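Please read the structure below before turning to the comments.
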DNA sequence: CATGAATGAGGATTCATTCAT
DNA sequence: GATGAATGAATCCTCATTCAT
C-alpha cells in the first residue's frame with residue numbers, strides 16, 4: 001500500500017559511473033589495490049555491490065578506469081605550460097606537479113604504490129612519453145632561444161623529469177615544505193651547485 | 001582431529017631465519033605487503049607455514065624484520081662516500097643509489113609501494129635523517145673548499161636527495177639507461193641547465 | 001584469484017538468521033564455545049561460511065545472540081509461576097526448570113559448560129537476578145499467607161534456587177529420573193528430612 | 001669450553017609427571033579442554049613440548065590422568081564424613097563440598113565445563129555412584145537412629161546430592177556467600193520451609 | 001538498472017604431534 | 001630422558017563475484 005508519489009531522484013548511468021569512480025579513488029588511494037574492498041567502494045558510492053559490476057566488469061577494470069580518468073585530468077592540468085617562456089615553463093612544471101600532488105596526494109601515492117602493477121603498463125607508458133615530450137619541448141625552446149646551454153635533449157629530459165618526480169616523492173614521503181623545495185629545485189636545475197669560475 | 005606429521009630438521013634456526021627473510025624479500029617485493037601471502041613465503045623458503053611463526057610472530061613483524069635487515073645492508077653500502085672529495089662524493093652517491101637499485105630492484109620497489117604503510121614510519125624517519133645528514137656533509141665540504149657555491153644547505157640537501165631518489169624511481173619505473181642517466185644527473189646538478197653568461 | 005560462484009537466494013534474511021541460530025544451538029551446545037567451528041555451523045545451517053558473517057559479525061556475537069534469544073524464551077516459559085499459590089508455584093518452578101532442561105538439554109548443558117566465559121557475564125547477571133526475584137516473590141507470598149515459616153528471604157532464596165539448579169545439573173549429568181526427582185525435591189524443600197518431634 | 005661442574009638438578013620421571021599434571025591443572029582449568037594448549041602446559045611445567053609426550057601419549061590422556069588424580073584427592077577429602085552422627089555428617093558433607101570448591105575452584109569449574117565430554121563418562125559414573133553411596137549411608141543411619149523421618153532412600157539420596165551440588169554450582173557461578181549459604185542449605189534440608197502445623 | 005544475500009577460495013594464525021639431535 | 005624446530009590441518013574471517021528478485 002505504500003506508494004511513492006514523488007519519484008526517487010534516480011541517478012543516470014553516468015552519475016553512477018562517476019560516483020563509483022569517485023569512491024574508488026578514495027578507497028584505492030587509501031588502501032592500495034590489494035587492500036581495497038569492492039564493498040567499501042560500493043558503500044562509499046552509495047550503490048550496491050552488484051551495482052558496481054554493471055559499470056565495471058572486474059576490480060581490475062575499475063582500477064584501470066580510475067587511472068585513465070585521472071590521467072586525463074592531469075594532462076589537462078599540466079598542458080598549460082606548453083606555451084610559456086622556457087624558464088618560466090620549467091618553474092610552472094615543477095609547481096604544477098607539486099600542486100597536483102598536494103591536491104591529490106592520495107592518488108599520486110597510489111600511483112607510487114602500484115607502480116609496477118602489470119596491468120598499469122600500457123597506461124604508464126602513455127603517460128611517460130607524454131611527459132617526456134613536454135619537457136623535451138621546453139628544453140628545445142630554451143636552447144633555441146639561447147636561454148639554456150647546449151644539451152643532449154634526449155638524455156637531459158628524462159633526468160629533469162626524474163628530479164621533478166623525486167620532489168613529488170619527497171613530498172609524499174615526508175610531507176613538508178613543498179613550496180620552499182620547489183623554489184630550490186628550480187634554482188638548482190637552472191644553475192647547478194658548482195661555483196662558476198671565470 | 002588427529003594429526004601426524006614428520007618434521008624435517010635439516011637447518012639450524014639461523015639458517016631458517018635467513019631463508020625466510022630471503023623468501024619474504026621476494027614475495028613482499030613482488031606483491032606488496034597486502035598482496036603477499038604467508039603461504040608463498042613459506043613455500044619459497046622451503047619451510048611450512050607454521051614454521052615461519054617460530055621465527056616471526058606476525059606478518060607485520062616479518063615485514064619489519066626484512067626492512068631492518070635491508071636498511072643495515074644499505075647503510076653499509078652508502079657509507080663509503082663519507083670521506084671522498086665533494087664532487088666525487090656526489091657522483092659516488094648517485095651511482096651507489098642506482099647500483100643498489102639495480103642490485104635490489106625488487107626491494108627498492110617495495111619501499112616505494114609501501115611508502116605510506118603506518119608500521120614503516122619509525123624506520124623511514126631513521127633512514128631519511130641519516131641520508132640527509134650524509135648529503136649535508138657533502139655540500140658543506142664542497143662549500144668549505146670553495147668547489148660549491150654558497151647555498152642554504154638545509155634547503156638544498158633535501159632537494160639533492162629528491163633528485164637522486166627521483167632517478168631511482170625512474171629506473172624502477174622505466175628500467176632503462178641507469179648508467180647514462182646517472183652521468184646526466186651529475187652534470188645537471190653541478191652545472192644546471194642555464195647558459196652561463198658572462 | 002578469480003572466483004566465480006553461484007549464490008542460491010532461496011531464503012529471506014530472517015529465515016537464514018533463524019537457521020544459523022538453530023545450527024549454532026546444536027554446534028555450540030555439542031562442543032562448547034571454543035570447540036565449535038563456524039564451518040560446522042554453516043554446514044548445518046545449509047549456508048556458506050561467509051553467509052554467517054552477513055548476519056553475525058563474529059563468532060562471539062553469534063554466541064551472544066544465541067544466548068539472548070534463548071534467555072527470552074526461557075523467561076517467557078518461567079514467568080507463568082508468578083501468580084500461583086506459593087506451594088504450587090514452587091512445584092511449578094521446579095517442574096518448569098526440569099521441563100526446560102529436558103526440552104533443551106543441549107542448551108542448558110552449554111550454559112554449564114561456558115558458565116565462566118567472560119563474554120557471558122552481563123547476560124548471566126541479568127538472568128540470575130531475575131530468577132532470584134521470582135523465588136523471593138514466592139517465599140514472601142508463602143510467609144505472608146502463613147503457609148511458609150518465617151525465614152530470612154534473602155538468604156533462603158539463593159539456596160532454593162541452588163537446589164533447583166542442582167537438580168537440573170543432575171539431570172544433565174546422569175540423565176535419569178527427572179520426574180521422580182522433581183517430586184522428591186519438592187517434598188524435601190517443603191518438609192525437610194528431619195523427624196518432626198512434638 | 002663451558003663446563004657445568006655442578007650437575008644440573010635433574011628431575012626424576014615422577015617429578016616431571018607431577019609437574020606436568022600440576023601445570024595441566026592450571027591450563028585446563030583456566031581455558032577448558034579445547035582451549036588448552038599443550039605448549040602452555042609445557043611452559044608452565046618447565047619442560048619442553050616434546051617432553052610431555054614422554055609421559056602422556058595424547059592431550060586426551062593427559063586430561064584423563066588429571067581427572068583421575070584429582071578424583072582420588074577428592075575421595076580422600078570427602079571420606080571423613082563416613083563415621084559421624086547423621087546430622088553432623090550432612091553438615092560436614094555440605095561444608096566439605098564447598099570447601100573443596102573454594103580450594104580448587106578452577107578444577108571444579110573444569111568438571112562443570114566438560115561435564116559431557118565423552119571421554120569422561122566412565123570416570124564420572126565411578127564418582128557419582130561413590131557419592132550416592134555415601135549419602136545413602138548418612139540417610140540410612142539417620143533413619144535407623146530415628147533422627148530422620150522415613151524416606152525412600154534411593155530417591156532422596158540423589159536429591160540431597162543435587163542440592164549440595166547446586167550450592168557448589170552457585171558458588172562457582174556467583175562466587176559469594178559460600179559460608180552463609182551452606183548454613184542455610186543445611187537448615188532447609190533438615191526442616192524444610194513449610195510451617196509446621198500441629 | 002539496482003539490490004544484497006550468498007558463495008567459497010584464500011588469508012593469517014594456532015596447535016597437537018613428531019623426530020633428529 | 002629431554003629438546004624444540006618443524007609440520008600441516010584446522011580455525012576464524014574476508015572479499016571478489018554472481019544472480020534471483
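Points to keep in mind about this one:
- Label spacing, shortest first and in nm, from residue C:133 to its equivalents in the remaining copies (7 angstrom along Cα→Cβ): 4.7, 6.8, 7.9
- Footprinting exposure proxy for C:153, D:119 (fewest neighbouring C-beta atoms within 10 Å first): D:119, C:153
- Averaged over the residues of peptide B:112-119, the number of Cβ atoms from other protein chains lying within 10 Å of each residue's Cβ is 5.
- Between helix B:178-191 and chain B: long-axis angle, C-alpha atoms, 0 to 90°, nearest 10: 40 degrees
- Once C-alpha pairs closer than 8 Å and six or more residues apart are averaged by separation and normalised to the residue number of region D:12-56, the relative contact order reads 39 percent.
- Note on residue A:128 and residue D:60: with the Förster distance fixed at 60 Å, the Cβ-Cβ geometry gives a FRET efficiency of about 0.40.
- If you plug the beta carbon distance of residue B:43 and residue C:103 into 1/(1 + (r/R0)^6) with R0 = 41 Å, you get a FRET efficiency near 0.20.
- With a 10 Å cut-off around each Cβ of A:149-158, the average count of Cβ atoms from other chains is 4.
- Each Cα pair under 8 Å and six or more residues apart adds its separation to the average, and for chain C the resulting relative contact order is 20 percent.
- 7 Å along Cα→Cβ, label-point gaps from residue C:144 to other copies, nm, shortest first: 4.7, 9.8, 10.6
- Kirkwood analysis of the Cα pair distances in region D:67-191 returns a hydrodynamic radius of 15.1 Å.
- For the pair residue B:26 and residue D:191, label points projected 7 Å from Cα toward Cβ lie 8.3 nm apart.
- Position residue C:83, label points 7 Å along Cα→Cβ, spacing to each other copy in nm (shortest first, one decimal): 5.9, 9.3, 10.0
- Counting other Cβ atoms within 10 Å as a rough exposure proxy, the listed residues C:160, B:81 run B:81, C:160 from fewest neighbours to most.
- For chain B, the longest principal axis of the Cα atoms and the long axis of helix B:59-79 meet at an angle of about 40 degrees.
- Gap separating the Cα centres of region C:72-92 and region D:122-140, nearest whole Å: 32 Å
- Mean ellipticity per residue at 222 nm, deg cm²/dmol - from DSSP H runs of n ≥ 4 across chain D, formula -39500 (n - 2.57): -24500 deg cm²/dmol
- Taking the inverse of the mean 1/r over every pair of distinct Cα atoms in region D:12-56 gives a Kirkwood hydrodynamic radius of 10.1 Å.
- Size of the protein assembly as shown as Cα extents on the principal axes (Å, biggest first): 134, 95, 44
- Counted by neighbouring Cβ atoms within 10 Å, the residues D:96, A:170 run from fewest to most as D:96, A:170.
- The long axis of helix A:13-35 is offset from the longest Cα principal axis of chain A by roughly 70 degrees.
None of the figures in this text is laboratory data; all of them are computed from the coordinates on show. This one's a predicted model, so the numbers in the text were calculated from it and none came from an experiment. Positions of Cβ are backbone-derived with ideal geometry, glycine not excepted, and every protein chain shown enters the neighbour counts.
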